[in-house]
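Okay, structure first, notes after.
Read the figures in this text as sums done on the coordinates, not as results from a lab. These figures come from a predicted structure and were not determined experimentally. For neighbour counting, all protein chains shown are included, and Cβ atoms are generated from backbone atoms with ideal geometry for every residue, glycine included.
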Amino acid sequence: MPEDHFCPPDPKDSIYCISETEWINYQKEMFHYFSEQYKNSNPKIFVLFNPSGDLALQRWMLDSLPRFWIKLGPIADRYQLNREAERWDTRWIEDFKPLPSRGEMDLTDMGWFAEDSVGNMYWSQLWALHNGLDMHNQLVKDVQESRFHFAFEFFTNYAGYTSPEQSHGAWIALRDGLDAADTIRFPENIYGELRDGENKQRYVNIAKAFSAYGAIQSDTTAGKKTSWDALNDVGYKIHPGNYEMWIHQIEPQTSQGYWRQGPKEQVFGRFARGFGQINKMYFDIDDRFFLNNPLAGAYPIKIRVVYLDIGNGKWAIDYDALSGQKNIEVQKQNSGSWQQFITEITDAHFGNRLEKGADLILRNVDSEQDIFHMIEVTRESGSTSIEDIGDDYITFTLYQNYPNPFNPTTTIEFDLPKDEIVTLKVYALDGREVKTLIEKKLYRAGRHRISWDGTSNAGNKVGSGVYVYRIEAGKFKASKKMIFLK
Ligand SMILES: [Ca+2]
Ligand SMILES: [Ca+2]
């Protein structure tokens, strides 16, 4: 029998053998069939594709059947395990192509996980988000564990956002991954020969060099082969840096990595970064988060910084404000636990105007070290949003108000195909502005609704007659007439 023949498993009967090409073509035909069956389903049903290792077939799927979901197992369950950085097809990232995807986290009984299960569950969610996984399936028993809920909530909050324009927030989880495969950072003459990842002593030597910052190689016999039994901070081809969605650390290598910091019952301290030898950490918010223009104070921003509250010293966060650089100092209280500092700012400019092109800087203001887990930046969307349709086919629409004519109130609805800064005003027929309903506020993609009670900006009831309502949302402009009757 030719070598490329595909045969079913036992019982092996050669009459059912087909060629590799026939097998691929059969799969294509079946996937195409399912795609057609569910294409126009209402409600919409997406078909999940569980690909074999055939990259050409996966590529065909993505190009030909874009409304399929795909199973990306290695992203889900390879968190902090050897080869986490290469055990999946890097095409997902290289293409920057939003890919509806699903993975499973089912290794939680293993020793390496159980050693710090709360921390590991949280960080595995961050890793999944970092890779753009939309759905991170969990074991039922894990979903029922309330101590994991914080991790699941954070994942759910960000899952499915494939581009920063649409996201309500951006974050960076500070982390240093000790990758023994990196012979530039860890020269072989100092840490030991790489020997294709088989030199176990090399892993131990690297952990030892960072032991003052908490790094441990719990399983000293672990090399390139994944250790399922114990939690290791040095691995082979693990992701070397931070986990992030749209906040990026500038020159991260100048700051100091930390491992296993703070109380174990808190999720945050599995990894961290501190100032180390420097006194500033620089961060850039992806410009697309603000539609490629500076925010220029258009709406309020909430900044959340999670830090380890040890000592009585201080640190500061600097931000690119309308009036230039602004600084907020935070005083530590020596509680010994992870704390979060949350502030809302209304004057954020975020135009990359700080040192090194940063939008945010964490700064040490005294001689006491500070250790951080996360910076998260969030914004509120329009509070009148009634549904997020999340459909690719939505178009910009300004609807006729209802009821019309009206007294005393009427409702105006509009659809946005993408996030936009919206202004919606009511004018008299002579062009005089009567009422500002929305002034330069960010609205997410989807349908929105706002009502007008027939009063002017000064708060007076308007007279009977025809009025014009006009919307501006990005480059879209539209207006319609309505009638107020007394
Ligand atoms: Ca920026
Ligand atoms: Ca300090």
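Working note: Karplus 6.51/-1.76/1.60 with θ = phi - 60° gives segment 371-378 the couplings 10, 10, 9, 8, 10, 10, 10, 10 Hz, where Gly and Pro are set to x. Extension gain, Tyr299-Arg432: 0.36 nm per intervening residue step, less the Cα-Cα distance, totals 45.3 nm. Once you divide the Cα radius of gyration of the chain by 2.2 N^0.38 Å, the number left is 1.18. The 3J(HN,Hα) values that the Karplus relation (6.51, -1.76, 1.60; θ = phi - 60°) gives for segment 308-317 are, in residue order, 8, 8, 10, x, 10, x, 9, 9, 9, 10 Hz. Gly and Pro appear as x. Of the three principal axes defined by the Cα atoms of segment 238-378, the extents in descending order read 40, 35, 28 Å. Restricting the calculation to alpha carbons of segment 302-368 gives Rg and Dmax of 12.7, 36 angstrom.
Across the chain, the mean sequence separation of Cα contacts (distance under 8 Å, 6 or more residues apart), normalised by length, yields a relative contact order of 11 percent.
The chymotrypsin sites (Phe, Trp or Tyr not before Pro) of segment 392-434 meeting both criteria, a DSSP state outside H, G, I, E and B (loop) and at most 14 other C-beta atoms within 10 angstrom of the site's C-beta, are Tyr393, Tyr399. Restricting the calculation to Cα atoms, every distinct pair contributes to the Kirkwood radius of segment 328-472, found to be 19.3 Å. Evaluating 6.51 cos²θ - 1.76 cosθ + 1.60 at θ = phi - 60° for every residue in segment 461-477, the Karplus couplings come out as 5, 7, x, 4, x, 8, 10, 10, 10, 10, 10, 10, 9, x, 8, 7, 9 Hz, glycine and proline recorded as x. At the listed q of 0.16, 0.20, 0.21 Å⁻¹, the Debye profile of segment 391-484, built from one uniform point per Cα, gives log10 I(q)/I(0) equal to -0.62, -0.93, -1.01. Between helix 117-130 and the chain there is an angle of about 60 degrees, using the helix long axis and the longest principal axis of the Cα atoms. Just so you know, the Cα atoms of segment 252-333 work out to an Rg and Dmax of 15.3, 41 Å.
Of all DSSP bridge pairs formed entirely within segment 391-484, close to 95 percent run antiparallel. Contact order for segment 110-229, expressed relative to its length and based on alpha carbon pairs under 8 Å spaced 6+ residues apart, stands at 22 percent.
Here the extension length gained between Thr254 and Met30 equals 75.4 nm, from 0.36 nm per residue of separation less the Cα-Cα distance. Pairs of Cα atoms nearer than 8 Å and 6+ residues apart set the relative contact order; for segment 244-364 it is 31 percent.
If you take the beta carbon distance between Glu188 and Glu439 as r and set R0 to 60 Å, what does 1/(1 + (r/R0)^6) give as a FRET efficiency, to the nearest 0.05? Mind showing how you got there, number by number?
Details: r = 61 Å, r/R0 = 1.02.
Taking R0 as 60 Å, the efficiency between Glu188 and Glu439 is 0.45.
What is the gain in length, in nm to one decimal, between Ala212 and Ala56 on full extension, counting 0.36 nm per residue of separation less the C-alpha to C-alpha distance?
Numbers: separation 156, 0.36 × 156 = 56.16 nm, distance 4.67 nm.
The Ala212-Ala56 span can extend by a further 51.5 nm.
State the percent of C-alpha pairs, over all pairs in segment 339-382, separated by a distance greater than 16 angstrom. Mind showing how you got there, number by number?
Values: 537 of 946 pairs.
Tail fraction, whole percent: 57.
Close amide H pairs (under 5 Å, H built 1.01 Å from N) link Gly474 with Ile421, residues at least 5 positions away or on another chain.
Taking segment 219-259 and a reference point 7 angstrom along Cα→Cβ of Glu198, the backbone N atoms nearer than 18 Å belong to 221-227, 236-237. Using a simple spin-label model with pseudo-atoms 7 Å out from Cα toward Cβ, His168 and Glu265 lie 2.9 nm apart.
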